[in-house]
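The values are calculated or read from the model by the stated rules, or taken from the named source; none is laboratory data. The model shown is predicted, which means the values in this text are computed figures rather than measured ones. Backbone-built Cβ (ideal geometry, glycine too); neighbour counts: all protein chains shown. Each accessible area value is taken on the protein alone, full model and side chains, heavy atoms only, with ligands, DNA and RNA left out. Shrake-Rupley method; radii C 1.70, N 1.55, O 1.52, S 1.80 Å.
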Amino acid sequence: MTEKDTHPSSTHPPLPPTSEDDQFSCLRLLRSRRVGISTYQRLLIEHGTAQNALAALPEVARAAGVSKYSICPEGVICAELKAGRAAGARLVAQGTPDYPAPLNDLRDAPPFLWVIGDLAWLQKPAIALVGARNASSLGTRMARKLASDLGAAGYVVVSGLARGVDAAAHLAALETGTIAVQAGGVDTIYPAENAQLAQDIAQKGARISEQPMGLQPMARHFPARNRLISGLAQATVVVEAAAKSGSLITARDALDLGRDVLAVPGHPMDSRASGCNMLIRDGATLVRDAADVLEALAPIAPRAPELPLEPPATRPSDSRTLRETANLHGQILSRLGPSPLAEDQLIRDLGAPSASVAPVLVELELDGSIDRAPGGLLTRAS
């Protein structure tokens, strides 16, 4: 089942950091309080460099009504980089050759990834296998068989290092290549029972995370993790999933990217199969074995070469009056509610130039008046 994203993201990722100092400043900007990925990208465009953005950030926060704002201390970034070296992890910046190109299709592609393992796996065609943590015996057997056969066909298996289907898929794909996307820091293993599996993946595959080193995963980190799983993969196969589960979030993320979603059917009386059966009812490809997956996909082919990156256009100076700014604030907040709204749809509704709306959204996000969900969706803060 595929569904094209009606508002595709840019095909050109931001220019990568060109030096260690630049990388340090970019990471410091990203880790600063109330700076999400979209805000980070806008600040870089508006101020040209991370150093300039850091210098301007306290004033931007003050203009948004946030007093006593302080940027991320240098010591925090030094500690993160030191922890990364100690764990044998490498920091991969968006726009560099080691960064997995499929992630650039995400609206909120992570500017940095921590990676433990072989970076080469990030450049190979991949399929995501996800499913229930409390998987049945039949479900784990199916996951193992699919992972083994898809690996033999040349695909890297991507999953989330959870118990159940994820663990079974990783284990079966160790010899052919697997990538584990972690919700917390790449050096923080969750659940603890998968510690040996995580170590094996680091030796034979790769573990990745966008989160700071040492971060303990919390519930809010898992939806963000799921978008990376679907973003890395050409297709997502759901083996077992309840009607309300993280696996269905991953499937929806894949649909948003225009990627294929496939599902293994299950008994109607088994709640662990209800999500898969719903997906099939709604048009997902039914999977009996790896042959069904391979038949649904285009043959493996190298990605087209990326066009040379162009520096972002210089943004004209903002000449809005205080009254105009306040009016735009009010218009934005009046159009947002608890239901997520795509940023480009909001801009069309406002009938205002994107260049005028973007900095106001940054101010409102820093002020805590709006929240930004994965995929660039906006809601009014409760």
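Cβ-Cβ distances below 6 Å connect the following pairs, each with a first residue in the stretch 127-146 that is over 16 Å from Leu279 (Cα atoms) and free of Cβ contacts under 8 Å to residues at least 40 places away in the same chain, a second residue that is part of a helix (DSSP H, G or I) and not aromatic (Phe, Trp, Tyr), and a separation of six or more residues or different chains: Thr140/Ala168; Arg144/Ala168; Arg144/Ala172.
Of the listed requirements (1) assigned to a loop (DSSP other than H, G, I, E, B); (2) basic (Lys, Arg); (3) surrounded by 21 or more Cβ atoms within 10 Å (Cβ to Cβ), Arg28 misses just one: (1). Scanning the stretch 58-79 for residues that are in contact with a helix residue (DSSP H, G or I) (Cβ under 7 Å, 6 or more places away or on another chain) and surrounded by 14 or more Cβ atoms within 10 Å (Cβ to Cβ) yields Val60, Ala61, Ala63, Ala64, Val66, Tyr69, Ile71, Cys72, Ile77.
The lone criterion from (1) at pLDDT 95 or above; (2) open to solvent by 20 Å² or more (accessible area, probe 1.4 Å); (3) not β-branched (Val, Ile, Thr) left unmet by Leu54 is number (2). If the condition is being among the hydrophobic types (A, V, I, L, M, F, W, C) and either open to solvent by 10 Å² or more (accessible area, probe 1.4 Å) or over 17 Å from the mean Cα position of the chain (by Cα) (or both), then the stretch 249-260 contributes Ile249, Leu255, Leu257.
For the stretch 218-231, the set of residues classified as open to solvent by less than 10 Å² (accessible area, probe 1.4 Å) and in contact with a strand residue (DSSP E or B) (Cβ under 7 Å, 6 or more places away or on another chain) consists of Leu228, Ile229, Ser230, listed by residue number. Residue count for the stretch 52-81 under the criterion of being hydrophobic (A, V, I, L, M, F, W, C), outside any helix (DSSP H, G or I) and within 26 Å of Leu328 (Cα to Cα): the result is 2.
When every residue of the stretch 87-94 is checked against the conditions, none turns out to be open to solvent by 30 Å² or more (accessible area, probe 1.4 Å) and within 30 Å of Ser369 (Cβ to Cβ). Residue count for the stretch 95-105 satisfying the condition of being part of a loop (DSSP other than H, G, I, E, B) and open to solvent by 20 Å² or more (accessible area, probe 1.4 Å): 4.
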